[in-house]
Amino acid sequence: MAKFYINNKSGRCALSGQVEISGSKNAVLPILAAALLTDEGCEILDVPALRDVEVMCMLLRSMGAKVKEHYIINSVELDASDITSAEAPYGLVKKMRASILAMGPLLARTGKARIALPGGCAIGARPINLHLKGFRALGAKIKESGGFIEATAASGLSGANIYLDFPSVGATENIIMAAVMAKGPTVLENVAEEPEIVDLANFLNKMGARIKGAGTDTIKIEGVERLRGTKHTVIPDRIETGTYMLAAAITRSKVEIKNTVPDHVRPLIAKLKECGVGIEEVDDSLIVDATKGPLIPADIKTLPYPGFPTDLQPQFMAFLSTVKGDSAVIETVFEKRYRHVGELNRMGASIKAEGNVATIDGGKRLHGAQVLATDLRAGAALTLAALAAKGRTEISEIYHIERGYSDYIKKLRKLGVDIVKADDTPLAGRGAAAAAYGGEGL
Ligand code: UD1
């Protein structure tokens, strides 16, 4: 299995220069699935070169869609004029939980969808009850058997009023995609407000859908008969942005992060400023300057957008472990998202996790160690810790990291990090078939 080796003689890599942010993983996955809604061609631009994108393309191909991935120019062309299967097999769903996002579009387009049950994952049980609640309200019949969930709507879906008990990102996206071609109006309340929802709604509206309110807690959809093909550029990845902001912060460096949307990372900007990190916004760039003065700790609590993102919690914790003083992290979105704590402690951090609260006795000297990336963002946190750890850090199970970070090694090297991958396995994308790995779809 491939590993990352990060060498850090001085104990704090000095980063400098610029890093360009890629298209958003969490935006592109539902957008690719949404191309199943039309029999016309779609072209998606700024597609990040990631393993999860490959898996989604494999899934769409298994359903009969023609998918061309152009990795040199980061675009994907899709033609779902013939859907030959409405099934997502276990082999692909277990590689990527986001496969469940094919369910809404399949149901809308073909009146049926059969998806292998995703099961639990490293960060908790992650049920799909809210997705199913939405499909049922729109008139689908749901049946579970043999490890599959089957939804059918022989005479089509009908608009409905649906209240989500929790603003689940995936459920919001799936229900929107199911409702865009339902008969009559749909009102979705207490929905997720993430920028990725807005990007999906913009894509669907370009296809001819009538969606209003995306980005607020109430979305109104007027069902239309059919959708047409379109071209769409994916928004920049806010979690990748945040990870590089924290790379600058943990190394007390100054880095410019280009091609991003500062508004999408407001909670992180606020928290880093609270810690004493300088942040300047210049159009679509952020200049993060952690070179001045001692930093102070800050507490964070993860929440649905616009709260502090759970997908930056592990990376922020790695940063806090280098800041002198006590701090606390409260995770409210996922039930078991502290598997990185043990690994960070192996590198010299002093973190105690109990229930959903972690307390950090920050400022301990970090050192290189052999550690394990237990999931995508945990892996990113360990990479960041390695940038502030004296000696050599060896990170295994890096396929998790490659699921979500485009050109990770290349971008880190450009900033000045001494990082190598242990074998010659091609990085994400570039036409390589997705390796046999299990993923959590974060
Ligand atoms: C998406 C993101 C992931 C991010 C998460 C929260 C993608 C591909 N992944 O995941 O990176 O960490 O949002 O911001 O976009 N829940 C239920 N029932 C459901 C659905 C969810 O109880 O039917 C619970 C989950 O167990 C979890 C919480 O809701 O505790 C949030 O999950 P959700 O917002 O659905 O996350 P995902 O869409 O899976």
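The values are calculated or read from the model by the stated rules, or taken from the named source; none is laboratory data. Keep in mind it's a predicted model, so treat the numbers as computed, not measured. When we count neighbours, we look across all protein chains shown, and the Cβ atoms used for this are built from the backbone with ideal geometry, even at glycine.
List of remarks:
- Enumeration of residues in the stretch 363-382 that are among the β-branched types (Val, Ile, Thr) and under 20 Å from residue 52 (Cα atoms): 374
- Only a single item in (1) surrounded by fewer than 16 Cβ atoms within 10 Å (Cβ to Cβ); (2) assigned to a loop (DSSP other than H, G, I, E, B); (3) not assigned by TED's automatic domain parsing to the domain that holds residue 422 is not met by residue 91, and it is number (2).
- Members of the stretch 78-95 found to be free of Cβ contacts under 8 Å to residues at least 60 places away in the same chain and either within 16 Å of the ligand (Cβ to nearest atom) or within 17 Å of residue 376 (Cβ to Cβ) (or both), listed by number: 88, 92, 93
- Answer residue from the stretch 301-347, given it is within 16 Å of the ligand (Cβ to nearest atom) and of a type in the set (Asp, Glu) and is nearest to residue 165 (Cα to Cα) among those: 335
- Selection status of residue 106, within 12 Å of the ligand (Cβ to nearest atom), in a helix (DSSP H, G or I), assigned by TED's automatic domain parsing to the domain that holds residue 56 and crowded, with 19+ Cβ neighbours inside 10 Å: no
- From 228, 210, 238, residue being within 14 Å of the ligand (Cβ to nearest atom) and of a type in the set (Lys, Arg): 238
- Filtered residues of the stretch 348-378 (kept if among the aliphatic types (A, V, I, L, M) and either within 16 Å of the ligand (Cβ to nearest atom) or within 30 Å of residue 98 (Cβ to Cβ) (or both)): 351, 353, 357, 358, 371, 372, 373, 376, 378
- The set of residues from the stretch 262-273 being over 22 Å from residue 294 (Cα atoms) and either crowded, with 17+ Cβ neighbours inside 10 Å or hydroxyl-bearing (Ser, Thr, Tyr) (or both) comprises 262, 264, 265.
- Every residue from the stretch 22-70 that is touching a Lys or Arg at 6+ places or on another chain (Cβ under 7 Å), away from the ligand (no atom under 15 Å from the Cβ) and among the β-branched types (Val, Ile, Thr): 38, 67
Conditions tested, residue by residue: (1) in the same structural domain as residue 215 (by TED's automatic domain parsing); (2) touching a Pro at 6+ places or on another chain (Cβ under 9 Å); (3) farther than 20 Å from residue 218 by Cβ.
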residue: 131; (1), (2), (3): yes, no, no
residue: 135; (1), (2), (3): yes, no, no
residue: 138; (1), (2), (3): yes, no, no
residue: 142; (1), (2), (3): yes, no, yes
residue: 145; (1), (2), (3): yes, no, yes
residue: 154; (1), (2), (3): yes, no, yes
residue: 159; (1), (2), (3): yes, yes, no
residue: 162; (1), (2), (3): yes, no, no
residue: 166; (1), (2), (3): yes, yes, no
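- Hits in the stretch 49-59 - residues which are touching a strand residue (DSSP E or B) at 6+ places or on another chain (Cβ under 7 Å) and surrounded by 23 or more Cβ atoms within 10 Å (Cβ to Cβ): 59
- Near pairs, Cβ below 9 angstrom, 6+ apart or cross-chain, from the stretch 165-180 (modelled with pLDDT under 95) to any residue that is near the ligand (Cβ under 7 Å from one of its atoms): none
- Residues in the stretch 56-84 that are of a type in the set (D, E, K, R) and part of a loop (DSSP other than H, G, I, E, B): 82 alone.
- Given (1) crowded, with 16+ Cβ neighbours inside 10 Å; (2) more than 11 Å from the ligand (Cβ to nearest atom), index of the condition residue 98 fails: (2)
- When residues of the stretch 66-88 are limited to those that are of a type outside the set (Asp, Glu) and touching a strand residue (DSSP E or B) at 6+ places or on another chain (Cβ under 6 Å), the one modelled with the lowest pLDDT: 88
- The stretch 272-287 - residue that is more than 17 Å from residue 235 (Cα to Cα) and part of a loop (DSSP other than H, G, I, E, B) and, of those, nearest to the chain's Cα centre (by Cα): 277
- Filter pass, residue 269 being in contact with a strand residue (DSSP E or B) (Cβ under 9 Å, 6 or more places away or on another chain), in the same structural domain as residue 376 (by TED's automatic domain parsing) and not in a helix (DSSP H, G or I): no
- The listed residues are 173, 196, 144, and the only one of them that is in a strand (DSSP E or B) and either within 16 Å of the ligand (Cβ to nearest atom) or buried (at least 19 other Cβ atoms within 10 Å of the Cβ) (or both) turns out to be 144.
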